[in-house]
Amino acid sequence: MEDLLTFAIGDVHGCFDKLEAILLACDRVRAGREVRYVFIGDYIDRGPDARKVIDLLMDKQLSEGSRFVCLRGNHEQMLIVAAAEGRSDRDLMTWWANGGEQTLDSYGVNDPSSLPAPHLEWIKALPFRFSDQKRLFVHAGIRPGVAIADQSEDDLLWIREPFLSSKARYSTFVVHGHTPTESGLPDLRAYRLNLDTGACFGGELTAAAFTDQRAPPMFFVNSLGAVWQP
């Protein structure tokens with residue numbers, strides 16, 4: 001396990017071609033080492049191929065098991081609410097207005113409750129966090145001043161401020177997405193890393209490679225195959 005590489009991958013948002021490309025790029029640079037993938041949520045909405053993205057992730061989890069971790073993002077949460085039996089019109093419109101229309105188109109249906117049952121069940125079962133020896137992986141971030149164990153699911157999925165501007169020292173290195181970076185490059189800070197590089201807005205999909213020896217990433221790779229060190 002000492003050679004295990006963990007690739008954390010940012011918000012996919014229905015960009016299936018970039019997802020395939022980033023997985024190929026990671027496979028090329030792993031140099032024979034054992035790998036684990038951690039996806040930090042937002043697989044659907046905005047981009048054109050949500051169904052193909054979910055199909056691929058579900059297949060990978062079946063074949064790779066615990067080496068393929070998929071977390072829940074706020075867009076998956078909006079879909080869960082919009083597809084629920086007791087949803088309101090506002091629940092439905094909130095999701096639809098935030099890219100849900102593209103997801104419906106990719107599935108060829110008119111209502112989120114009509115998505116294939118296995119896909120909805122998979123989405124509903126997505127966890128909110130994943131931790132390894134040195135890092136906490138979540139979709140949006142954490143609330144400064146609150147113990148990791150006491151973080152709310154709402155903050156893990158949705159928080160921007162005061163997390164993004166905080167200079168607090170956390171008990172673990174936080175790897176997240178949710179807020180697209182202005183530069184289109186990952187945003188590495190002392191105690192956190194933002195991997196949402198705007199794949200659905202014309203940017204690339206980005207992965208950070210971690211080892212068990214140090215908390216920050218060892219290198220980055222993107223869906224164009226570019227590799228660079230922090």
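Report the one residue of GLY100, SER165, VAL138 whose Cα lies farthest in the direction of the positive end of the charge dipole of the chain (charges on C-beta: Lys and Arg +1, Asp and Glu -1; origin at the Cα centre). So the residue furthest toward the plus end is SER165. Give the longest segment of the chain that steers clear of GluC sites (Glu not before Pro) in DSSP loops with at most 12 neighbouring Cβ atoms within 10 Å, not counting the sites themselves. The longest uninterrupted stretch comes out as 86-181. For LYS60, the aspartates and glutamates whose Cα falls under 18 Å of its own Cα, not counting residues fewer than eight places away in the same chain, are ASP11, ASP17, GLU20, ASP27, GLU34, ASP42, ASP49, GLU121.
Separation of the stretch 154-230 from the stretch 21-40 is 16 Å, based on Cα centroids. Placing a label point 7 Å from the Cα of LYS167 along the Cα-to-Cβ direction, none of the residues of the stretch 104-145 has a backbone N under 13 Å of that point.
Backbone phi angles across the stretch 158-163, fed through the Karplus curve with coefficients 6.51, -1.76 and 1.60 (θ = phi - 60°), yield HN-Hα couplings of 10, 4, 10, 9, x, 4 Hz in residue order; Gly and Pro are listed as x. Cβ crowding within 10 Å, taken as a proxy for footprinting-reagent exposure, orders VAL81, VAL174 from fewest neighbours to most as VAL81, VAL174.
Among ALA147, ALA215, ALA31, the largest mean-square fluctuation in a Gaussian network model of the chain, built with springs joining Cα atoms closer than 10 Å, belongs to ALA31. In the chain, helices alone account for a calculated mean residue ellipticity at 222 nm of -8500 deg cm²/dmol, with every DSSP H run of four or more residues adding -39,500 (n - 2.57). A Förster distance of 22 Å, applied to the separation of the beta-carbon atoms of ASP150 and TYR191, puts the FRET efficiency at 0.80. Can you check how the C-alpha radius of gyration of the stretch 105-205 compares to 2.2 N^0.38 Å, as a plain ratio? Relative to the 2.2 N^0.38 Å estimate, the stretch 105-205 comes out at 1.24. Geometric descriptor of the stretch 5-228, per residue, is 119 Å³ (volume of the convex hull of the Cα atoms). Which percent of Cα-Cα pairs in the stretch 74-126 sits in each 5 Å bin, short to long? All Cα pairs, binned at 5 Å, distribute as 4, 22, 35, 28, 9, 0 percent. If you plug the beta carbon distance of LEU4 and SER113 into 1/(1 + (r/R0)^6) with R0 = 35 Å, you get a FRET efficiency near 0.30.
Rounded, prolate or oblate: which fits the stretch 30-80, taking a ≥ b ≥ c as square roots of the Cα gyration tensor eigenvalues, rounded meaning a/c under 1.5, else prolate when a/b beats b/c? Prolate.
No lab work stands behind these numbers, since they all come straight from the coordinates. Source: prediction; values computed, not measured. We place every Cβ from the backbone using ideal geometry, glycine too, and count neighbours over all the protein chains shown.
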